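Peer 1: Pasting in a structure now, in structure tokens, and then I'll have a few things to ask.
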Amino acid sequence: MNRALTFFLAVIAAIPAAAQARPFPGPDVQQIYQRLLPQIEKIPAFDHHAHPGYADDPDVDAMAAPPNASSALRTREDNPELAAAAKALFGYPYTDLSADHAKWLLEKKTALKKQLAGPAYFNSILDKLNIESSVANRAMMPDYLDPKRFPWVFFADSFLWPFNNERETARNSDQGVFIPLQEKMLHRWMQQESVTRLPAALTDYLKFISEVLEDNSKRGGIAMKFEVAYFRPTTFSDPTREQAEEIYQKYVAAGIPSERDYRTFQDYIFRYLISEGGRLHLPVHIHTAVGIGDYFNLSQSNIMNLESVLRDPRYASTTFVMIHGGYPLEREAIWLAAMKNVYLDSSFGELAQYPSAFKDTLKMWLETFPDKITFGTDCFPYNQILGSEEAYWLGVHSTRTALAAALAEMISENEITEPRALELAHAYLHDTAVKLYEGRVH
Ligand SMILES: [Zn+2]
């Protein structure tokens, strides 16, 4: 036997028999899970998508929940897991959230807010959950959130709605809530830039948009967010500047544009904004999932509608984050992350699903593009009882358990080693997202 062959055989022998992946986890999967979970709990997380704030703060989002909208099972107020959240965070002594018991929680939170004035209260919530920092995707930032730990992601949709929106607002009761809030947001950007009325020419409107983006970036904004799927289909045509100019000039002062003209104009503005995101190093976050409101149209907002935009080399310098990972189309969505500048965020998936199902989502993503996925909670102050505090807990807790379970299966099925699993956990929970912001977040 020659030396090279001897060496080769020695190498082969050194690879554990386990190198061949198998289709079922072994009996050790529970043990691996128990070993991984405490290590995963120790990883300080970066929450890539959240809406922290108090329930009575109208700036938590640039839109609001439409009245009487349906909620999926786990996001309902009577979810018993919320009592566990209150127990973990505030020492809540009851196992249910009956009106009587919930009073205890309300009083406890009020006392704590007094004790921990200013940003100390929400910083203490992050500390309890081992979240190093959390994106605050909000209309505006309040003084009770510490900008070092809550980097701001502002909303960019309102630039799509500069004309008379009467017809859009009347379309259904959801739009009746959403569109006036977009008009309000656009007005606030105008106030910020001391613009009293919209300019007569498109060139100046685009200049105004860029000024808002630049100023927001200076004020701590790390990314722009679109929730455009709530307002219209996410299929974007590719109009010329002349087309956009003509529509703008015709309708900026008065008149109701046809649906077709309005969309054409919006398609142009959307493309302008994402190009600016590349120039200004402002990653672009896009809501890609089901949404609140009974009129939310899933097929018209299918994440795959964005494929032609994401795979367009003109936007190669723009970083895209697909917020909510396309849920419930997360299987298709992960293949969009083949683009070097496209990332997926898993927030809401961990609330819409229980950990047993969310584990399978994470596993499939970890097995495909593990370096392109990021963690988020989508926490939101639903009401005084179910605050963003409890929503943070539910999101973090669900994600860490589902992640430990997904990785335990992958180890037990001989797909990866345990050290590699922990590297992947660090990347997903923290490192991959933080790198996108070039030193602006930690
Ligand atoms: Zn959200």
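Peer 1: How far apart, in nanometres, would the label points at residue 34 and residue 420 be if each is projected 7 angstrom from Cα along the Cα-to-Cβ direction?
Peer 2: 2.6
Peer 1: For the chain, what does the alpha-carbon gyration tensor say about shape, rounded, prolate or oblate, given a ≥ b ≥ c as the root eigenvalues, a/c under 1.5 as rounded, and a/b over b/c as prolate?
Peer 2: It is oblate, given that a/c is not under 1.5 and a/b is not larger than b/c.
Peer 1: Just need the Rg to Rh number for the stretch 211-254, please, alpha carbons only, Kirkwood Rh.
Peer 2: Rg/Rh: 1.09.
Peer 1: So what's the gap between the Cα centers of the stretch 140-203 and the stretch 388-442, to the nearest angstrom?
Peer 2: 34
Peer 1: So which aspartates and glutamates can residue 87 reach, going by Cα to Cα under 17 Å and dropping same-chain residues fewer than 8 places off?
Peer 2: Residue 87 reaches 77, 78, 96, 100, 107, 127, 389, 390.
Peer 1: How much length, in nm to one decimal, is gained on full extension between residue 124 and residue 78, taken as 0.36 nm per residue of separation minus their Cα-Cα distance?
Peer 2: Gain in length upon complete extension: 14.0 nm.
Peer 1: On to the next question. Residue-wise, which Karplus ³J(HN,Hα) couplings in Hz belong to the stretch 137-154, taking 6.51 cos²θ - 1.76 cosθ + 1.60, θ = phi - 60°, and x for glycine or proline?
Peer 2: Working through the residues one at a time gives 7, 9, 4, 9, 8, x, 7, 8, 10, 6, x, 6, 9, 10, x, 8, 10, 9 Hz.
Peer 1: Going by a ≥ b ≥ c, the root eigenvalues of the Cα gyration tensor, does the stretch 378-442 fall in the rounded group (a/c under 1.5), the prolate group (a/b larger than b/c) or the oblate group?
Peer 2: oblate
Peer 1: Let me ask you something else. Within the accessible area of the stretch 156-303, what % is carbon and sulfur when the probe is 1.4 Å and the other protein chains stay in place?
Peer 2: Carbon with sulfur: 49 percent of the solvent-accessible area.
Peer 1: Would you mind putting 148-156, 420-428 in packing order, based on average other-beta-carbon counts within 10 Å, highest first?
Peer 2: Ranking, from highest mean packing down: 148-156, 420-428.
Peer 1: Each residue of the stretch 73-85 in turn: what ³J(HN,Hα) in whole Hz from Karplus with 6.51, -1.76, 1.60 and θ = phi - 60°, glycine and Pro shown as x?
Peer 2: Once rounded to whole Hz, the list reads 3, 6, 9, 7, 4, 8, 4, x, 4, 5, 5, 5, 4.
Peer 1: Helix 120-129 sits at what angle to the longest principal axis of the chain, using alpha carbons and giving 0 to 90 degrees rounded to 10?
Peer 2: Long axis of 120-129 versus the principal axis of the chain: about 40 degrees.
Peer 1: Full-extension gain between residue 250 and residue 172, please, as 0.36 nm times their residue separation minus the C-alpha to C-alpha distance.
Peer 2: Roughly 25.5 nm would be gained on extension.
Peer 1: Right, next: Please report, in cubic angstrom per residue, the volume enclosed by the convex hull of the alpha-carbon atoms of the stretch 104-163.
Peer 2: So the per-residue hull volume is 116 Å³.
Peer 1: Can you run the Rg to Rh ratio on the stretch 324-442? Use alpha carbon positions and the Kirkwood inverse-distance Rh.
Peer 2: 0.97
Peer 1: Compute the relative contact order of the chain as a whole-number percentage, counting only Cα pairs closer than 8 Å that sit 6 or more residues apart in sequence.
Peer 2: Rounded, it is 24 percent for the chain.
Peer 1: Kindly provide the pair-distance distribution of the stretch 363-405 built from C-alpha pairs, with 10 Å bins from 0 and whole-percent values in order of increasing distance.
Peer 2: Taking all Cα pairs of the stretch 363-405, the binned fractions are 26, 42, 24, 8 percent.
Peer 1: Could you check the simple spin-label distance between residue 115 and residue 203, using points 7 Å along Cα→Cβ, in nm with one decimal?
Peer 2: With each label point 7 Å from Cα toward Cβ, the separation is 6.1 nm.
Peer 1: Round to a whole number: what % of the accessible area of the stretch 310-442 belongs to carbon and sulfur, probe 1.4 Å?
Peer 2: Here carbon and sulfur together make up 57 percent of the probe-accessible area.
Peer 1: Let me ask something else about it. Loop only per DSSP, at most 15 neighbouring Cβ atoms within 10 Å: give me the trypsin sites (Lys or Arg not before Pro) in the stretch 217-282, ordered by residue number.
Peer 2: Sparse-neighbourhood loop trypsin sites (Lys or Arg not before Pro): 219.
Peer 1: Let me ask another. Could you calculate the FRET efficiency of residue 364 with residue 96 from 1/(1 + (r/R0)^6), where r is the beta carbon distance between them and R0 is 45 Å, rounded to 0.05? Write out the running numbers ahead of the final one.
Peer 2: Details: r = 35 Å, r/R0 = 0.78.
It comes out at approximately 0.80.
Peer 1: Does the stretch 62-203 come out rounded, prolate or oblate, given a ≥ b ≥ c as the square roots of the eigenvalues of its C-alpha gyration tensor, rounded meaning a/c under 1.5 and, failing that, prolate meaning a/b above b/c? Don't skip to the answer; put the middle values down first.
Peer 2: Details: a/c = 3.04, a/b = 1.65, b/c = 1.84.
In terms of gyration-tensor shape, oblate.
Peer 1: For the stretch 136-236, give the magnitude of the charge dipole about the Cα centre (Cβ charges: +1 Lys/Arg, -1 Asp/Glu; no others), in debye to the nearest 20.
Peer 2: Here the stretch 136-236 has a charge dipole of around 160 debye.
Peer 1: Continuing with the same structure: Greater than 32 Å separation of Cα atoms is the criterion. Which listed pairs, 109/148; 113/372; 108/148; 128/363; 184/340, meet it?
Peer 2: Long pairs (Cα-Cα over 32 Å): 113/372; 184/340.
Peer 1: Can you figure out the FRET efficiency of residue 308 with residue 338, using R₀ = 22 Å and their beta-carbon distance, to the nearest 0.05?
Peer 2: 0.90
Peer 1: Given a 1.4 angstrom probe, what's the average accessible area per residue across the stretch 263-419, in square angstrom?
Peer 2: Counting only protein heavy atoms, the per-residue value for the stretch 263-419 is 32 Å².
The values are calculated or read from the model by the stated rules, or taken from the named source; none is laboratory data. The shown structure was predicted, so the numbers you read here are calculated from the model rather than taken from an experiment. A quick note on method: Cβ atoms are made from the backbone with ideal geometry, for glycine too, and the neighbour counts reach across all protein chains shown. Ligands, DNA and RNA are stripped out before the accessible areas are found, and what is left, the full protein with its side chains, is counted by its heavy atoms. Shrake-Rupley method; radii C 1.70, N 1.55, O 1.52, S 1.80 Å.
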